[in-house]
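Nothing in this text is a laboratory measurement; each read-out follows from the coordinates by a stated rule. This is a predicted model, so every value here is computed, not measured. Cβ: placed from backbone, ideal geometry, glycine included. Neighbour counts: every protein chain shown.
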Amino acid sequence: MNESVFSRRAALKSAAGLVALPLLARAAAAAEPAPKSAKGAAPAPTPYAPADPEGREHGLRLGVASYSLRNLSLDEAIAGVKTMRTSNIALFRLHCNWEAATVDECRAVGEKLKAAGLTLTGSGVVNLTVDEAKTRKAFENVKAAGMRTMVCKPDIAALPLVEKLVKEFDQKLAIHNHGPEDKVYPSPKVIWENIKNLDARIGLCIDVGHTARFGDDVIAAIKAYAPRVYDVHMKDSLAVPGAMRDVPCEVGAGKLDIRGMLKALLEIKYNGVVSFEYEKVAGNPVVGLAESMGYVRGLLRALAA
C-alpha cells in the first residue's frame, strides 16, 4: 500500500482489533458466572480505565466534545464517553451552561466528571461579550469546574476585556472558527490576526471541518499557528469548499485528509486534545462516534508502526 494513501478500510481493520478485544473480553466476562467472595457475594465489577491517564494514544490525546451527545443527559453523555475508552470530555452548554449557570452548579459538574474518572478539557463555544459582568461570570464558572481550556467566541470589541480576565484568572482560551457563514471568525487565520499580539494564553481551537469548508488548508494552519493551537475539533465532511452548510459524516468517510492532519499534529508535538465532534446523527450518535474514533485510532497505530 502506498504510504501516502491509507484507505478507510485499512484503518478500520487496524482499529478493529483495538475495539474488538475489550468488547469480546467484556462479553466473555458477562457470559461466565461471577466468582463468589468468601461470604457468597459477587464482587463489584471493575470499571474500565484508559491505559494512559491523559487519554494519549500513539502520541495524541483523544477526547469527545459532548456536542456529539447533545440529545443525551449529562449522565448519559458521561457513560457514552466512557464507552469510547477515553478520559477527556469537553462539555456543551446543554450539559453545563457556562454562561448562565451558577458557580456552585459548575463546580458540582466538575466534581461529577472527576468522580467518573473524566478530565474536563474544554467546553462548547462560550460567547464572550463586552458586558464585563456576563463575561466574568463565564470565567468564574469554568474556573470553578476545573476546566483546562475554555473554547470560546469573544466579540472582537471584547478582546481587551477578555485579555484582562485571562490574566486575572490564569485561564487558557481557544477561539473557535465556524466557516464561511461566521462573520467574526470564519478561519484560523482570522483568529490569529486578532490574537497574535495578545496574551499567549489566548489561542485557537481549529475546527478541521469548518476550516476546510472555508477553503483553507487545515494542515498548513495547524503548522502555521502551532504554538497557539490549544484545541482541535476533529470531524469529517462531504461539503465542498465555500459551502454555507456542512454535510457531516463519520471520520474517514468524507473529503478531509485526516491522516495528513494527524501527521501534522504529531509533527508539532501537539499537547492539547483532539476532541471528536460528531454531528451527523444527534439522536443515536454513539455508533458513529465510535466508528470515527476507531478510524483515527487505526491511523495513529499505523503512523506509529
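Based on the mean of other Cβ atoms within 10 Å per residue, sort peptides 118-130, 249-261 so the most packed one is first.
118-130, 249-261
Going by how many other beta carbons lie within 10 Å of each one, how would you line up Asp207, Asp216, fewest first?
Fewest-to-most ranking of Asp207, Asp216: Asp216, Asp207.
Test of the criteria: in the stretch 80-152, which GluC sites (Glu not before Pro) are in a DSSP loop and have at most 12 other Cβ atoms within 10 angstrom of their Cβ?
Counting only loop positions with at most 12 other Cβ atoms within 10 Å, none of the GluC sites (Glu not before Pro) in the stretch 80-152 qualifies.
Nearest 20 debye, what's the magnitude of the dipole of the stretch 51-304 about its Cα centre given +1 on Lys and Arg Cβ and -1 on Asp and Glu Cβ?
Computed about the Cα centre, the dipole is about 440 debye.
Given charges of +1 on the Cβ of Lys and Arg and -1 on the Cβ of Asp and Glu, with all other atoms neutral, how large is the dipole of the stretch 139-253 about its Cα centre, in debye to the nearest 20?
For this selection, approximately 240 debye.
Could you sort out which of Lys114/Lys137; Lys82/Lys134; Lys114/Lys183; Lys143/Lys269; Lys112/Lys263 sit more than 30 Å apart by Cα distance in this structure?
Lys82/Lys134; Lys114/Lys183; Lys112/Lys263
Within 10 Å of each residue's Cβ, count the other Cβ atoms and sort Phe276, Phe169 from fewest upward.
Phe169, Phe276
Which percent of Cα-Cα pairs in the stretch 221-267 sits in each 10 Å bin, short to long?
Over the stretch 221-267, the share of Cα pairs per 10 Å bin runs 24, 47, 29, 0 percent.
Would you please name the GluC sites (Glu not before Pro) within the stretch 164-217 that are DSSP coil residues with at most 16 other C-beta atoms within 10 Å of their C-beta?
Passing both the DSSP loop test and the Cβ count: Glu181.
Per-residue counts of other Cβ atoms within 10 Å, averaged by peptide: what ranking do you get for 68-75, 156-163, highest first?
68-75, 156-163
If I take R0 = 30 Å and measure r between the Cβ atoms of Val240 and Asn271 in this structure, what FRET efficiency does the formula 1/(1 + (r/R0)^6) give, to the nearest 0.05?
E between Val240 and Asn271, to the nearest 0.05, is 0.40.
Would you list Arg245, Arg85, Arg136 from fewest to most Cβ contacts within 10 Å?
The order, fewest Cβ neighbours first, is Arg245, Arg136, Arg85.
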